[in-house]
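What follows is a short report on a single structure.
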Amino acid sequence: MKIAKLVCSVGISGFLYKDLAAIKAGAEPDGLLLYKGDPVTPGFKRIIQPGKTVSVMLVLEDGSVGFGDCAEVILVGLAGRDGMFVPEEMLPILEGPIAERLEGRDMSRFRELAEEIDSLEIDGKRLHTAVRYGVTQALLDAAAHASRLTMAEIVAREYGSTLRTERLPILAGALRADWAQHDRMILKRADVLPHTPFLSVRDHVGFEGEKLVAYMERLAARLEEIKDPDYHPRIHIDLYGTMGELFDNDAEKIAEYLGRLERIIAPYDLLVESPVVASSRQGQIDIYRAIRKAMDERGIKAGLVIDEWANTLDDIKAFKAAGAIQNVQIKTPDMGGVNNTIEALIFCRENGIGACLGGTSNETDQSARVTAQLGIACGAEMISTKPGQGSDEGWMILVNEMERALALIRARAA
């Protein structure tokens with residue numbers, strides 16, 4: 001089955017872009033979401049602005065359509081990431097040289113075409129990560145249509161992975177100030193929660209760490225008030241480098257504070273994402289290793305999760321080689337081609353690294369469905385809700401997609 005035509009449409013993402021550099025430079029809050037002042041990161045017109053996407057549709061000879069969405073993370077241009085994805089700038093590339101390369105190509109195999117697109121350079125420059133992400137999603141979906149299989153089965157067939165027999169545990173998000181959202185995730189028995197973002201020391205953590213402590217105390221109390229007796233979730237918070245800012249990258253002080261949080265939230269296991277965001281990959285490796293050492297010396301069992309500076313498979317391998325990785329947030333848009341996400345998941349499984357199959361609320365329903373299929377194909381410690389920050393919608397999309405894929409796989413096996 002060959003690709004007859006590539007068609008594109010411009011769309012919207014599930015959330016927004018945020019200029020984290022401007023926020024951390026002291027931009028004044030304007031309500032619960034916005035900030036006053038000018039942006040700092042190139043490409044931004046304001047500190048918070050809507051995200052845009054491009055759907056790449058591959059029309060096959062029989063009229064079926066495989067599609068994927070070009071999307072990227074909220075914090076663009078940070079920690080080695082590409083700058084902001086601008087559809088108007090990328091459409092000529094998608095509808096020009098990429099369409100010319102793909103139209104007429106056979107879709108009986110996914111991997112080779114995905115690797116070709118992921119490594120493609122135009123005018124001496126590699127394609128934007130969002131472009132590689134969207135086009136390879138479309139290739140995987142098209143290969144599934146051509147072979148009359150699920151995307152998960154295509155991945156398992158071509159990479160030799162073992163298909164899961166049940167859905168992945170889900171990391172459900174909840175916004176700091178939305179306690180009704182916290183309640184819904186507890187009532188729905190989220191496997192891991194609440195992935196709450198703490199972007200600013202001043203606004204979210206407190207100059208003595210008191211705001212984050214108060215949040216954790218409230219979360220612990222709320223769990224005891226409303227959860228089912230047999231419900232025992234893991235607790236995951238995302239600190240966006242605020243520990244490094246608060247404690248001037250002092251690993252000993254950071255470890256002591258994280259130990260305090262662990263004691264507050266006990267008996268639930270704690271995962272802490274991005275306590276520090278360094279200015280380079282090597283800097284991130286060094287501080288993560290130092291924090292883990294300080295935690296181990298104190299008997300603190302909370303897990304550390306790396307996000308920033310672990311954007312690619314090569315990054316993950318560098319952290320592993322340095323002994324600086326325990327868990328990693330595999331942000332699918334940062335990986336570029338979904339072929340890289342597949343290989344990263346396989347690498348993590350083979351090397352005992354806890355992989356959160358993540359992404360961003362700034363994605364789309366389709367990229368979330370593709371991610372769910374990758375999870376069924378390769379496995380992961382957990383998968384995070386996306387798109388959007390409502391949690392219910394992302395939870396629904398992921399659960400339903402995984403259960404549909406599993407039902408089809410079981411039916412074929414029978």
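The values are calculated or read from the model by the stated rules, or taken from the named source; none is laboratory data. All of these numbers come straight from a predicted model, not from anything done at the bench. With ideal geometry, Cβ positions are generated from the backbone for all residues, glycine too; neighbour counts draw on all protein chains shown.
One table, with the values for the structure above:
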| read-out | value |
| --- | --- |
| Residues (at pLDDT below 95 and farther than 15 Å from A278 by Cβ) located in the stretch 298-313 | T312, L313 |
| All positions within the stretch 273-302 that are in a helix (DSSP H, G or I), closer than 24 Å to L212 by Cα and either without any contact (Cβ under 8 Å) to a residue 12 or more places away in the chain or not basic (K, R) (or both) | Q284, I287, Y288, A290, I291, A294, M295, D296, E297 |
| Residue that is nearest to K2 (Cα to Cα), among those in the stretch 113-124 that are more than 22 Å from the chain's Cα centre (by Cα) and buried (at least 16 other Cβ atoms within 10 Å of the Cβ) | L113 |
| Residue in the stretch 124-144 that is small (G, A, S), in contact with a helix residue (DSSP H, G or I) (Cβ under 6 Å, 6 or more places away or on another chain), modelled with pLDDT of 95 or more and over 22 Å from K331 (Cα atoms) present | yes |
| Members of the stretch 238-290 found to be of a type in the set (K, R) and within 24 Å of the chain's Cα centre (by Cα), listed by number | R281, R289 |
| Residue identified as buried (at least 17 other Cβ atoms within 10 Å of the Cβ), assigned by TED's automatic domain parsing to the domain that holds V277 and touching a Gly at 6+ places or on another chain (Cβ under 6 Å) among H204, H195 | H195 |
| Hey, E208 within 22 Å of the chain's Cα centre (by Cα), of a type outside the set (S, T, Y) and either within 28 Å of V73 (Cα to Cα) or not in a helix (DSSP H, G or I) (or both) or not | no |
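So that you can scan it fast, the table gives a plain yes or no per residue for (1) in the same structural domain as G337 (by TED's automatic domain parsing); (2) buried (at least 21 other Cβ atoms within 10 Å of the Cβ); (3) touching a residue at least 24 places away in the same chain (Cβ under 8 Å):
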site	(1), (2), (3)
L94	no, yes, yes
P97	no, no, yes
R101	no, no, no
S108	no, no, yes
R111	no, no, yes
R126	no, no, no
T136	no, yes, yes
L140	no, yes, yes
